[in-house]
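The values are calculated or read from the model by the stated rules, or taken from the named source; none is laboratory data. None of the values given here were measured: they were computed from a predicted structure. Neighbour counts are summed over all protein chains in view; Cβ atoms, including those assigned to glycine, are modelled from backbone coordinates with ideal geometry. Heavy atoms of the whole protein, side chains included, go into the accessibility calculation; ligands, DNA and RNA do not. Shrake-Rupley method; radii C 1.70, N 1.55, O 1.52, S 1.80 Å.
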Amino acid sequence: MYTGTEKRLFRQSFSPEAITAKQFINKHYYNNIGELSSYQPVTLCNFIKQLPRNRMIHLDRGWSHLSELLAVLDHFPNQQQQK
């Protein structure tokens, strides 16, 4: 999620860096016509668990949290086998 998109995605103003993961995943997205959707954010771990083996993802803007990010990714050794 990019900073500054909170109002459009959630119809709320907040700083993603200032809330907990639990607070974040309990939010609900709004769709492009401004209606509340049934979709909610997911954690990176849950996203990776659902990711098919033949897919790749690009993690952007994680440099300030790189050591934490790499520690999370270490829990998915099967994903490291991607070719």
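Only helical DSSP H runs with n ≥ 4 go in: add -39500 (n - 2.57) per run for the chain, normalise by residue count and round the 222 nm mean residue ellipticity to 500 deg cm²/dmol.
Working: 4 runs with 25 residues, N = 83.
Calculated from helices alone, the mean residue ellipticity at 222 nm is -7000 deg cm²/dmol.
Just to verify a number: FRET efficiency for ARG8 and ILE57, C-beta to C-beta distance, R0 = 22 Å, to 0.05?
After rounding, the FRET efficiency stands at 0.50.
If I stretch the segment between ILE48 and GLN23 completely, what's the gain in nm (0.36 nm per residue apart, minus their alpha carbon distance), one decimal?
7.0 nm
Enter the accessible area per residue of the chain (Å², integer; probe 1.4 Å; all protein chains in place).
Spelled out: the 1.4 Å probe surface of the chain, per residue, equals 83 Å².
Using Cα pairs under 8 angstrom and six or more residues apart, how large is the relative contact order of the chain, in percent?
Relative contact order, the chain: 17 percent.
I want to verify the translational diffusion coefficient of the chain in µm²/s; compute it with Stokes-Einstein, Rh as the Kirkwood radius over Cα pairs, at 10 °C and 1.306 mPa s.
108 µm²/s
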